Structures are given as structure tokens and as C-alpha cells.
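One structure is given below, encoded as C-alpha cells.
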Amino acid sequence: MNRIIAIAAIWVALVALPWWLPLIGGYTALGSKVLIYAIATMGLNVLLGFTGGLSFGQAAYFGLGAYGAGMTLKYLAPSTPLAILIGTLVGGAAATLLGPLVMRRRGIYFAMITIAIGQLFYFIMVRWNEVTGGEDGLAGFSRQDIHFGPWLYRLDETNFYYLVLLGFTVAVAVMWMVLQSPLGHTFVAIRENRRRIEFLGVRVERYIWAAFAIAGFITAFAGTLNALLFNFTSPQDLHWILSGNFVIMIVLGGMRSFFGPLIGVIIFVVAQDYLSSITGNWMTFIGMIFVLIVLLFPRGVLGILARRVEVR
Amino acid sequence: MTAATMERTGQDGRPPAGKTGPLLRMDNVSRHFGTLKAVDGVTFEMHAGELRAVIGPNGAGKTTFFNLISGLLPPTGGKVIFEGEDITGQTIVERVAKGIVRTFQITEVLPDLSVFENIRIGVETALRLNARPWISRRERAAINSRVFELIDIVNLDGKANRIVGELAHGDQRVVEVAVALSANPRLLLLDEPTAGMGDHETDHMVDLIRRLHRDQGMTILFIEHDMDIVFGIAQRITVLDQGRVLAEGEPDAISADPRVRAAYLGSLE
Ligand SMILES: Nc1ncnc2c1ncn2[C@@H]1O[C@H](COP(=O)(O)OP(=O)(O)O)[C@@H](O)[C@H]1O
Ligand SMILES: [Mg+2]
């Protein structure tokens, strides 16, 4: 019951964010960015924290989603929903197709192949100059207002935030449903003791594949929103540094807890935003915060509070 | 999910072949590791409803023998036949589906999860729900009641919400048995179920094995070092030594067998 109240309170705070965030020196787009990264990291955490697959190349699917959305708007049709749909499908399909390459590997080899695949997509986007804009990134598109029959939803900064909040809510609901289902229980069991569950008759690799695909679709969805937020995307959105940052955010907040990544993202993005306006060395400070949190809260900030509740 | 699948206990729906012949037949089965003959030409039969112990000195090949039955290792020779069907080439997963379920010599649980969660994944797997990304209230209720039924069978009532990794060793092993039971075994293989347990814990496990056999008619094959347990509950005993069957028979015959006494029992007494 407490939990429901806490979630309701957070959601109300998110709905009201365009009013209160500027009062404490923020801006609405920062809220959008936090929610977008929260979608991405919570999606990744289905694989990382709940299934135990060390994906260190998740930015690939984020970036594919972003490029998919940007290129749809630029070359295909001026439709925001279509851009989101196509970007999500492109990134998710890539993860689904590459899953079999990844699913057999364990531990550090899993991490290595995911990084390698990520870097492959990074180089494709850099080299495929004419279409992707190469190193300079993909510009020349912008999110389009959404028409519902006679209704027009103008995607200004605030309204776009609400679109992102809707996406966040849907993604959270889907992930929650999955993690509460037998599929989610299977993921957690694989993380806990792969051999035991294999001996119950579970074909473990298939489920690692499923987790990889789900994480891919959700991260790609976040990527599409990111491209729409900035009306821009670049190879940095597929780079391993971003992949690493995703993992850092998750570990900061707590990889064993459902909402842990959201907390991690808030710490990371806010710190990045404020620190980078003060010092060019902001990454050092992030590193220090990271080390402190890992030392003080080995299970992440939320992991301490919610050790049990989340895996049920 | 139907009531029928929920209630499959291993006694129903047995194909006719199983009624006449043995449940399990190991036909001249070997497993060599290089020059080491861990299991060497073992022929072995077990009938449904039996409670059988496998004994033998350390390194006799008992665990390897279990690995051959459960499919963890392929044999280097011979055939594994279950209910008249040759399953030598079948995987672990296929054998579990046929009802060959095991526990391990080393405790294998999901340590960070509760007793309830450990057993629930077993129940969901037995119902083949693993791929389902949602669950209805009705299904959840049916699953939960089956989990509590298993918790009740193994006498872990009151510990459902305890984290398994924080339980006493004996209780962790009982959780393993409950998880194995969730798979509706036709043949339950227990590798040293009482290893490392105190007297009280051992009594609990022995009582559980006896009850499973008596009340549920379960076919159980267990590896055990404690001769009091072996001679106390087993109906038949198979003695392995250096990968071969040294002797096989009812407890009285085994304890009287001079070869067994010489090779094994004598050294323990
Ligand atoms: N995977 C393996 N590779 C090599 N040797 C093995 C392997 N498994 C078991 N052995 C060897 O086979 C013999 C029998 O082992 P095991 O079946 O574990 O005996 P027991 O369970 O009766 O103590 C031992 O000498 C052991 O070292
Ligand atoms: Mg052994």
C-alpha cells in the first residue's frame, strides 16, 4: 500500500514538473531528458539487473532508435508517431536479430560481444555519411505536431514533455507487467542460478534472447524520443561511452530494483547538467559520486530501501 | 493452464509401456573421462514406486551415474532407457519433461529469492508458462496455491517468505526438494540429500523422503553415505565401486554380502 502511495506521489510530481522544476533552476527539457534516460536504463535493466546479462553496448539500440526516428522525419514522412514507431522497430529488430549471437555467451564475453556490436553500429553511422550526416550527426529534421482528426497537439517543450511522460508511463507499465509474469520470474531465476533453472527444463538461452530483445525495443523507444527532444542525433548516441553511462546510472540507482535506474538517472543527469555548467571536468565529479555511492550503498541507492519488494 | 496439468503427479497418464517394463533401464552404460572409467558398463533397472539407494565409496561414480540418467553428461557407451524409450541422445530439458528430475550434491537454489519464489518458478516451469509475459489473477491464484501445497508437503510452513540464502543448510536442501517436486517427477534423483546436515535436519529430510515414497507413491533414487539412513529407508540398494555395480539387492542381502563388507561397509564400521 505504501508502495502505491509512493508511486502515485512520484507520478503526480512528474505531471507537475513543468511548474516546479523551473522554480529550482531547472527547465522542462531537462525533465524530458531524465525520463528518456529512465526509459532506456529501465529497459536495459530488464536484461542487466533482472536477467544478469552484462550488456555494455546498449547505446547501439538507443542510437538506432534515434536515427530511425530522425531519418523517418527527414526522408520519409513528417509524422512524429511514425518516427517513434519506425525507430523503435528498427532498434528492437536489430536487438532481436543479433540476440542469437549474444545469448550463448556468458559474463565478460557477453559484455564484449555487446560492446563490439555497439561499436559496429557506431562506425556504420559515422561512415554512411551521405545519409546519416557522419561525424556531424543527423540534423535537418524536427518533431511534428500531432494531429488527432480535428485536434492538434502542438509539440512545444511542455507538450513534448507530456508525450515523453506518457511514453514513460506506458513503458513502465509494460516492464512491470513483464517482471511480474512467469517470463520475468524466469529472467530472475536465470540471474540467480542458471544451472538450477536449466534442470527444471528451461531453455535458458531463449530467455536471455527474449530479455535482450525486450531491452532492445525499450531502449530504442527511448532513443526515438531523444532524437525528437533535440531534433538531432549523432554517433555519440550509439557510442560505448553512452553505453557505459547507462550502466553507471543503473548501478548508481540500484540494479536489483525496478525504479533504481530512475534514481540513478536523476543523480547522473542532474549532476551532469549542473556540474558541466561549473566545470569542464564534470565527468570526474560523476566518477567521485559513483565511487562514493558504490562504497556506501553496494546495492545502489534504491537497492538499500527496496531489497525485497522488487523481485516479486 | 488446466486443473489436469496442475494435478499431474506422475502417477496418472503413464503410457502403457511403463506399466509392464522397468521405469528406468541403464543398459551397459559407461562414462569414461580419458582413461578414467567413472562409470563402467553399468546395467541397472528400476521400477515405478521403488525407493532405492545408491551407495559406494567416494569417487565410485555415483554422481556421474546420476549425470548420465539426468542428461547432464552423455554416456561414452550404452543406452539410457526410460519407460521403454531410448533417451540416450535426449537433452536435460527433454528428460525433465519426461519426469526425470534431480537435485545436486552441492546445494542449488536461487539464494536471493524467498522460499516461495524458489518454488514458484518451479511450478510455473512445470506449467510451461515461462514464455508468458503476463499472468491473469486466476492463474496466479492457482500457481500460488500449488506453491503453498508444496511448501506444506515439505513442511516449510511459516518460512515461505524467508530468503533462501539466509536459511539453515538443511532447510535449503528441503527447498531444493520442493523445487524438484514442482516439476512433477516420475523419477526423483537425490544426490546426497542429507550431506552436511545436523541430526535434526537429517531426520526432517529422511522423513520427507519416506513420506514422498509412501504417501505420493513417488519413485526415488538417492545417493547416501549415512548407512543408518540407507538401511533404514531403502527398499533396494545398489552398490557402486570403481564405476561398476558391486552388488545389488535388498538391505539384508547387501549388509550380508561379503564383497560389499570387504570393499565398503567394513571400512565404515
Ligand atoms: N567432469 C569430469 N571430468 C573428469 N573426471 C570426472 C568428472 N566427473 C567426475 N569425474 C571423476 O569420476 C570419478 C567419479 O566421480 P563421481 O561420480 O563424482 O563419484 P561419487 O559421486 O561416487 O563420489 C572421480 O574420480 C571423479 O574425479
Ligand atoms: Mg558424488
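The values are calculated or read from the model by the stated rules, or taken from the named source; none is laboratory data. Note that this is a predicted model, so its numbers are computed, not measured. Using ideal geometry, Cβ is built from the backbone for each residue, glycine included, and neighbour counts are taken over all protein chains shown. Ligands, DNA and RNA are excluded from the accessible area calculation, which covers all protein heavy atoms including side chains. Shrake-Rupley method; radii C 1.70, N 1.55, O 1.52, S 1.80 Å.
Couple of notes before you dig in:
- Segment A:184-196 residues that are hydroxyl-bearing (Ser, Thr, Tyr), paired with ones that are not in a helix (DSSP H, G or I) (beta carbon under 6 Å, 6 or more apart): A:Thr186/B:Asn130
- Being within 16 Å of ligand 1 (Cβ to nearest atom) and crowded, with 16+ Cβ neighbours inside 10 Å is a property that B:Leu190 has.
Residues checked against (1) within 23 Å of B:Asp191 (Cβ to Cβ); (2) open to solvent by 40 Å² or more (accessible area, probe 1.4 Å):
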{"site": "B:Leu68", "(1), (2)": "yes, no"}
{"site": "B:Val80", "(1), (2)": "yes, no"}
{"site": "B:Glu85", "(1), (2)": "no, yes"}
{"site": "B:Ile100", "(1), (2)": "yes, no"}
{"site": "B:Glu117", "(1), (2)": "no, no"}
{"site": "B:Thr125", "(1), (2)": "yes, no"}
{"site": "B:Ala131", "(1), (2)": "no, yes"}
{"site": "B:Arg137", "(1), (2)": "no, yes"}
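- All positions within segment B:33-61 that are without any contact (Cβ under 8 Å) to a residue 60 or more places away in the chain, more than 16 Å from ligand 2 (Cβ to nearest atom) and part of a strand (DSSP E or B): B:Glu45
- At least 1 residues being of a type outside the set (Lys, Arg) and more than 8 Å from chain B (Cβ to nearest Cβ) is the threshold, and among the helices (runs of 4 or more DSSP H) wholly inside segment A:165-259 those reaching it are A:182-192, A:204-230, A:240-253.
- The helices (runs of 4 or more DSSP H) located wholly in segment A:1-96 that include 1 or more residues which are farther than 17 Å from A:Trp176 by Cα and open to solvent by 60 Å² or more (accessible area, probe 1.4 Å) occupy A:2-15, A:17-20.
- Qualifying residue in segment B:137-144 (condition: assigned to a helix (DSSP H, G or I) and within 15 Å of the chain's Cα centre (by Cα)): no
- Any hit, segment B:244-256, residues being open to solvent by 40 Å² or more (accessible area, probe 1.4 Å), under 24 Å from A:Phe199 (Cβ atoms) and away from ligand 2 (no atom under 16 Å from the Cβ): no
- Every pair of residues 6+ apart whose Cβ atoms lie under 7 Å, when the first sits in segment B:178-191 and is more than 15 Å from B:Phe82 (Cβ to Cβ) while the second is assigned to a helix (DSSP H, G or I) and within 16 Å of ligand 2 (Cβ to nearest atom): B:Asp191/B:Thr63; B:Asp191/B:Phe66
- Check on B:Leu51, under 20 Å from B:Ala183 (Cα atoms), away from ligand 1 (no atom under 15 Å from the Cβ) and touching a helix residue (DSSP H, G or I) at 6+ places or on another chain (Cβ under 9 Å): yes
- Filtered residues of segment B:215-230 (kept if more than 16 Å from ligand 1 (Cβ to nearest atom), open to solvent by 20 Å² or more (accessible area, probe 1.4 Å) and either modelled with pLDDT of 95 or more or closer than 19 Å to B:Asp191 by Cβ (or both)): B:Asp228
- The residue that is surrounded by the most Cβ atoms within 10 Å (Cβ to Cβ), among those in segment B:151-165 that are more than 9 Å from every other protein chain (Cβ to nearest Cβ) and over 21 Å from the mean Cα position of the chain (by Cα), is B:Lys159.
- Checked against (1) farther than 28 Å from B:Ile69 by Cβ; (2) hydrophobic (A, V, I, L, M, F, W, C); (3) crowded, with 17+ Cβ neighbours inside 10 Å, B:Phe148 passes all but a single condition, namely (3).
- Annotation: of all residues in segment B:62-86 being within 14 Å of another protein chain (Cβ to nearest Cβ) and either hydrophobic (A, V, I, L, M, F, W, C) or in a strand (DSSP E or B) (or both), the one that is nearest to ligand 2 (Cβ to nearest atom) is B:Phe66.
- Segment B:102-115 - residue that is open to solvent by 20 Å² or more (accessible area, probe 1.4 Å) and within 8 Å of another protein chain (Cβ to nearest Cβ) and, of those, nearest to ligand 1 (Cβ to nearest atom): B:Glu108
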